[in-house]
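I have placed the structure first, in the form of structure tokens, so that the comments after it can refer back to it.
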Protein chains: 2
Amino acid sequence: MPPTIAVIGGTGHEGPGLALRWAKSGQYRVIIGSRQPEKAAGAAAELNARLGQSLVRGMANPEAAAAADVVVLTVPYSAHAATLESIRAGLAGKILVDVSVPLQPPQVGRVYIPPGGSAAVEAQTLLGGDVRVVAAFQNISAVHLEDPDHPIESDVLVCGDDAAAKAEAVALARAAGLRGLDAGPLQNAVVVEGLTAVLIGINRRYKVKGAGIRITGIGEEPS
Amino acid sequence: MPPTIAVIGGTGHEGPGLALRWAKSGQYRVIIGSRQPEKAAGAAAELNARLGQSLVRGMANPEAAAAADVVVLTVPYSAHAATLESIRAGLAGKILVDVSVPLQPPQVGRVYIPPGGSAAVEAQTLLGGDVRVVAAFQNISAVHLEDPDHPIESDVLVCGDDAAAKAEAVALARAAGLRGLDAGPLQNAVVVEGLTAVLIGINRRYKVKGAGIRITGIGEEPS
């Protein structure tokens, strides 16, 4: 049985594209989580219609987290702590992949470092050592994510303190058609999260929609 | 008369390659600065031998800064504040391009955020509003910098609060054969500096020497 991924906040900007790519890979069962279960069910139905088969389910966030093997958090930073509180009962012993980016609207092109150091470190602090938090996927523009046949010229930098959890995030990247790279300890997430603000600013200044980053000089290109 | 660039700490890791490329471009007169003037003179002589003409001079750091139009700071973070103090008399009204990266050896693959927020913000705080500080070139590996014919697959992310100063740093990048991109306000330097720690970690983990970053999706490749 393939592992189950829950995409918490999966009806938002980044969630549907990731859910679609993971479901399409055939390597994961996918649950879309939302605060409103009917909204999650609607998003799942839409993805299933695109996939041509019923591979995605919708649930309320806490049930989605509890039913999953790996939990992926894609909510705006303003909902970060409250969402974590709402799902924490279902996270024990699991991997949490935190996609959150601390931004302070309206200055979303300006790097903002939250009080806890980074969103991912705040998540780890809130959840304690029983949950392995990994930071990943923050720099992937949602623009091309929802077209699973569109190659994305951006790497996934993975930060975390648990090697097996980082390897799982690298595998999730690969299943989504992306190259995942080990970017060091969870503490380094401050840079990867902040890079999203830099990319948002570049999108504005250079009048593009999906600026991303690629690590060069490591002699390997993504498939 | 072309503008004069002083590369402070120019006998170190990153300085000679930048000095060589700027001198070779024909667009700048270049001074290598060092704490020891004879060391600066030796480094300048070496570069002139490679260039086949006398384009680079060597001076003590304070004299180099005073003689330059644009000052580029390439010293280890441990010497950052003391070097700035030593050259500040020569910086009034000028642009300072800060290449410094705060690292805490031996954990150089771990992002370290200094008390002042970033090296570049600390420089601006120390120097006051009469000097326009720009952060740039931190992510360029020294490995290929000293071979001016070797293309470098890495972008220069430029952070600063003064548009003209950022444009000058972008021009300096172009003269060195690199693409410079406006990465937002000086506050964003924390991410660009920290990215160097991430790249150092990637070099170690993936057993390469010159990992860099490229911004993708902006539809323009460096020349």
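The values are calculated or read from the model by the stated rules, or taken from the named source; none is laboratory data. The structure displayed is predicted, hence computed values, not measured ones. Every residue, glycine as well, gets a Cβ built from its backbone with ideal geometry; the counts of neighbours run over all protein chains shown.
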The correct count of residues that are of a type outside the set (D, E, K, R) and more than 11 Å from chain A (Cβ to nearest Cβ) in the range B:141-153 is 4
ask   = Do we have any residue at all in the range A:117-133 that's at pLDDT 95 or above, in a loop (DSSP other than H, G, I, E, B), within 14 Å of another protein chain (Cβ to nearest Cβ) and under 18 Å from A:Val190 (Cα atoms)?
value = yes
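Right, A:Leu91: under 18 Å from the mean Cα position of the chain (by Cα) and within 25 Å of A:Ala164 (Cα to Cα) or not?
Judged against the criteria, A:Leu91 is a match.
Here's the yes/no breakdown for (1) touching a strand residue (DSSP E or B) at 6+ places or on another chain (Cβ under 6 Å); (2) closer than 23 Å to B:Gly180 by Cα:
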{"position": "B:Leu73", "(1), (2)": "yes, yes"}
{"position": "B:Ala120", "(1), (2)": "yes, yes"}
{"position": "B:Gly128", "(1), (2)": "no, no"}
{"position": "B:Arg132", "(1), (2)": "yes, yes"}
{"position": "B:Asp149", "(1), (2)": "no, yes"}
{"position": "B:Glu153", "(1), (2)": "yes, yes"}
Scanning the range A:173-223 residue by residue, those in a loop (DSSP other than H, G, I, E, B), at the interface with another protein chain (Cβ under 8 Å from one of its Cβ atoms) and either buried (at least 23 other Cβ atoms within 10 Å of the Cβ) or in contact with a helix residue (DSSP H, G or I) (Cβ under 8 Å, 6 or more places away or on another chain) (or both) turn out to be A:Ala183, A:Gly184, A:Val208, A:Lys209, A:Gly210, A:Ala211, A:Ile218
The residue that is nearest to A:Ile215 (Cα to Cα), considering only those in the range A:134-153 that are more than 14 Å from the chain's Cα centre (by Cα) and either among the polar types (S, T, N, Q) or outside any helix (DSSP H, G or I) (or both), is A:Glu153
Please verify whether the range A:81-92 includes one or more residues that are in contact (Cβ under 8 Å) with a residue 60 or more places away in the chain and of a type outside the set (Gly, Ala, Ser).
yes
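State the number of residues belonging to the range A:67-106 that are of a type in the set (D, E, K, R) and either surrounded by fewer than 16 Cβ atoms within 10 Å (Cβ to Cβ) or in a loop (DSSP other than H, G, I, E, B) (or both).
So the answer is 3.
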How many residues of the range B:154-172 are within 12 Å of chain A (Cβ to nearest Cβ) and either touching a helix residue (DSSP H, G or I) at 6+ places or on another chain (Cβ under 7 Å) or part of a strand (DSSP E or B) (or both)? The answer is 5
Of the residues in the range B:43-63 that are in a helix (DSSP H, G or I) and touching a Ser or Thr at 6+ places or on another chain (Cβ under 8 Å), the one that is surrounded by the most Cβ atoms within 10 Å (Cβ to Cβ) is B:Asn61
Looking across the range A:117-163 at residues that are without any contact (Cβ under 8 Å) to a residue 24 or more places away in the chain and not charged (D, E, K, R), the single one that is surrounded by the most Cβ atoms within 10 Å (Cβ to Cβ) is A:His150
